[in-house]
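**Q** For reference, the structure I am asking about is given below.
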Amino acid sequence: MKKNRLSFSALSIEDKKQNSKDMGVEIRESNKSERAGPRPQGNPERKKLTKSSTYQYSKFGKGQQHGRSRPFNNKNEYRNGNNSKIPPPEAGVIRIIPLGGVEEIGKNMTAIEIGDDIIVVDAGMHFSNEETPGIDYVIPNTTYLEERKDKIRALLVTHGHLDHTGGVPLVLSRIGNPPVYSRNLTVLMLKKRQAEFPHLPAMKVEIVEKDETIMCGKIKVRFFGVTHTIPDSMGIIIETPHGWIINPGDYKLDQVDGIATESEEKEYAIFDKAKVLLLMTDSTNVENEGFSLPEIKVYQGLENIIKRINGRIIIAAFASHINRLIKVIQIAEMLGKKIVLNGRSMKSNMEVAFEAGLFTPKKETIIPMEEIDNYPPNKIIILTTGGQGEEFSGLNRAANKTDKKFSIKQGDTIILSASIVPGNERQVQKMKDGLSRQGVKIITYRTPGEDFVHATGHGNKEDIKWLHRKIHPKFFIPIHGHHYHLELHKELAMELGMPEENIVVPDNGSIIEISPDGKKISVRKEKAPASPMMVDGFAIGGVQDVVIRDRVMLAQDGMFVIIALVDQKTGKLKKSPDLISRGFVYLKENQELLRQVRIIIKKTVEDSTAKMNPIDFDYIKNNLGESISKFLYQKTAKRPLVIPVVLSV
Ligand SMILES: [Zn+2]
Ligand SMILES: [Zn+2]
């Protein structure tokens, strides 16, 4: 997940020293800290080096320091909104705040606040995209909860997928470490993830089973089982004086021709006579017509293909599709084949699944990669990560021939047992090209004439309708999806007969309230802070405008570093300044430009320091940043990030 990068940035190194917190997780300050201004006194280490800032020539005139007038993302700042002015819910009011997962697919989290009690449901993450270059992943904004820590009674986790669990360790540490409740497999997975953050306080976690009832403060909470691609998925029932609040988590129906299985009918039977106040549920697949393909068809499809193929079989699937992976191991055992697990998350998820007692493979079924050549090709099935062409995943490394242990052989059959997540199309295409150059056959869920090799884990339109009818809520809040999906889901609910005023389509941070008499649902005018918190290495913070914007700019026009050594007494340069260019111009071929830059630096420094006593190094740096960024723009029509570093002797 973490890329190896060798970077040069005085800025971030300094900031890390400045802000490190004893927990080991540091909060990045906002861009204010990087503006010029009076420098803090009394830190002997820092006396000789002025704090570094970056400059970039702007279209609107002079070279500009970041953070002043060119917001990178003016949507909302980390501590945005008027959070401090949000009053507690009035007596009898039920407050619901989706803090993540409603303007996106991923990083799901919802808070429910009644009286003195807050319950949080899920704390997910999603990986970075082109809007957040270099960021490892993103988690929901916890500001609203941090400011009401004492009221938080529980974090309930619906199932073990990262879009519901990935933020748990970091979120917990920020919201006062409330107890976590989930079912067995999810708890094991949560513990495994928590172990990756040894510097955080231990998680207080309790296994609940689907028929249990727990008290979260004064609120009674119950659970029910749902079908998804990972075992132990559960829905949540929160009891209120006006009826239940239901969040089924991710679900689909295990139906045949639209008829749910007996066990599903049994699970959902609790709703037959229930009074349901509010349903909040998944909108991911609301665009897909019909029912979702039941997983059993995929099992049959995979079995048919595995039986038919006579060489090695490589199956790339989501490591989180634990049900399907177990099924493949069972098919292998039935046909006397060996299984090789490839990829870190594949191995670790299967370990957890075995530990949870979901399935125990025969001792000789799973073999290490090193022993693969001891068996004939038709005895081998490799289960690998990388169905999305992820850069460092098992299958992609094999496609690029960069994996020492795992290589593709001519005659292999590769089954991509996953759909392509939107946004990953290009990397999957590249990987498929790399694989097909090596003489293999590739079967995807789109290969015509093939058996089914993948089914979604989320309910399609008909599954969703079934759920609405079964649960028959008074109010409805669509969640899990981009805004467009939520609107479609609203339309669907209205088609099923729900009045428009009973539906709220939320944004992240919307504060939704049900009136004390349980008769009205509305959205407050205030919003809870909701901009994503970015996790970058060990750092976690809000929208670090400066960091992200710098990365975008570095990608566009590169950077230009000036290191000037200035004599404290005379205000003159001690020697010719050092210049470093990365991704901007090739220095060797631009000697004339550099010569002129050096002249401007000398002149700027000496003009700035004329009659100045004592010398203000921030002032010099500021002038340098502005004059050089302007000059470089005039000469090259490029706007590299300019980083002036002024050292004094
Ligand atoms: Zn899921
Ligand atoms: Zn999900």
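**Q** Roughly what would the spin-label model give for ASP578 and GLU90, points 7 Å off Cα along C-beta, in nm?
**A** 6.5
**Q** Can I ask one more? What are the ³J(HN,Hα) couplings of segment 187-193, residue after residue, when phi is run through the Karplus curve with 6.51, -1.76, 1.60 and θ = phi - 60°? Round to Hz, x for glycine and proline.
**A** Karplus values, whole Hz, x for Gly and Pro: 4, 4, 5, 4, 5, 4, 5.
**Q** What part of the accessible area of segment 142-262, given as a whole %, is carbon or sulfur when the probe is 1.4 angstrom?
**A** Answer for segment 142-262: carbon and sulfur cover 51 percent of the accessible area.
**Q** What order do HIS199, HIS164 take when sorted by accessible area (1.4 Å probe), most exposed first? Don't jump to the answer; show the numbers that get you there.
**A** Details: HIS199 65, HIS164 0 Å².
Accessible-area ranking of HIS199, HIS164, largest first: HIS199, HIS164.
**Q** Tell me which of ILE414, THR447, ASN424 sits at the most positive position along the dipole axis of segment 401-449, charges placed on C-beta atoms (Lys, Arg +1; Asp, Glu -1).
**A** ILE414
**Q** If you count only protein heavy atoms and use a 1.4 Å probe, how large is the accessible surface of ARG469, to the nearest 10 Å²?
**A** Result for ARG469: roughly 150 Å² accessible.
**Q** Please say if segment 364-486 is rounded, prolate or oblate, where rounded means a/c under 1.5 for a ≥ b ≥ c the square roots of the C-alpha gyration tensor eigenvalues, and otherwise the choice is prolate for a/b larger than b/c and oblate otherwise?
**A** The shape class here is prolate.
**Q** Could you work out the relative contact order of segment 589-649? I mean the mean sequence separation of Cα pairs under 8 Å and 6+ apart, divided by the number of residues, in percent.
**A** 30 percent.
**Q** If you average the alpha carbon positions of segment 285-316 and of segment 434-467, how far apart do those two centres end up, in angstrom?
**A** Comparing the Cα centres of segment 285-316 and segment 434-467, I get a distance of 7 Å.
**Q** Lys/Arg Cβ at +1, Asp/Glu Cβ at -1, dipole of segment 108-199 taken about the Cα centre: which of ASN184, MET109, PRO169 is farthest positive-ward?
**A** So the residue furthest toward the plus end is ASN184.
**Q** Let me check something: with ligands and nucleic acids excluded, how do GLU333, GLU147, GLU370 order by accessible area (1.4 Å probe), largest to smallest?
**A** GLU370, GLU147, GLU333
**Q** Also, quick follow-up: On a 1.4 Å probe surface of the protein chains, which of ARG524, ARG183 comes out largest in accessible area, and what is the full order? Walk me through the numbers on the way to the answer.
**A** On the way: ARG524 60, ARG183 25 Å².
Ranked list, largest accessible area first: ARG524, ARG183.
**Q** Treating cross-link reach as a plain straight distance, find the lysines whose alpha-carbon is under 16 Å from the alpha-carbon of LYS220, omitting any fewer than eight places away in the same chain.
**A** Output for LYS220: LYS151, LYS210, LYS275.
**Q** Under 5 Å between amide H atoms, partner at least 5 residues away or on a different chain: which partners does GLY225 have, H built in plane at 1.01 Å?
**A** GLY235
**Q** Another question, then. What accessible area per residue comes out for segment 358-449, rounded to a whole number of Å², with a 1.4 Å probe?
**A** Details: 5280 Å² over 92 residues.
So segment 358-449 comes to 57 Å² accessible per residue, rounded to a whole number.
**Q** How much length is gained on full extension from ILE207 to LYS569, taking 0.36 nm per residue of separation minus their Cα-Cα distance? Walk me through the intermediate numbers first.
**A** Details: separation 362, 0.36 × 362 = 130.32 nm, distance 6.87 nm.
Computed gain between ILE207 and LYS569 is 123.4 nm.
**Q** For the cross-link pairs LYS572/LYS603; LYS327/LYS430; LYS149/LYS520; LYS149/LYS191; LYS569/LYS611; LYS297/LYS432, which exceed 19 Å when the distance is taken from alpha carbon to alpha carbon?
**A** The pairs that break the limit, which is 19 Å between Cα atoms, are LYS327/LYS430; LYS149/LYS520; LYS149/LYS191; LYS297/LYS432.
**Q** Using the heavy atoms of the protein chains alone and a 1.4 angstrom probe, what is the accessible area of segment 255-295 per residue in square angstrom?
**A** Values: 2040 Å² over 41 residues.
Computed with neighbouring chains in place, this is 50 Å² per residue.
The values are calculated or read from the model by the stated rules, or taken from the named source; none is laboratory data. These figures come from a predicted structure and were not determined experimentally. Cβ coordinates were reconstructed from backbone atoms using ideal geometry, including for glycine residues, and neighbour counts include every protein chain displayed. Please note that ligands, DNA and RNA were not included when accessible areas were found on the heavy atoms of the full protein model with its side chains. Shrake-Rupley method; radii C 1.70, N 1.55, O 1.52, S 1.80 Å.
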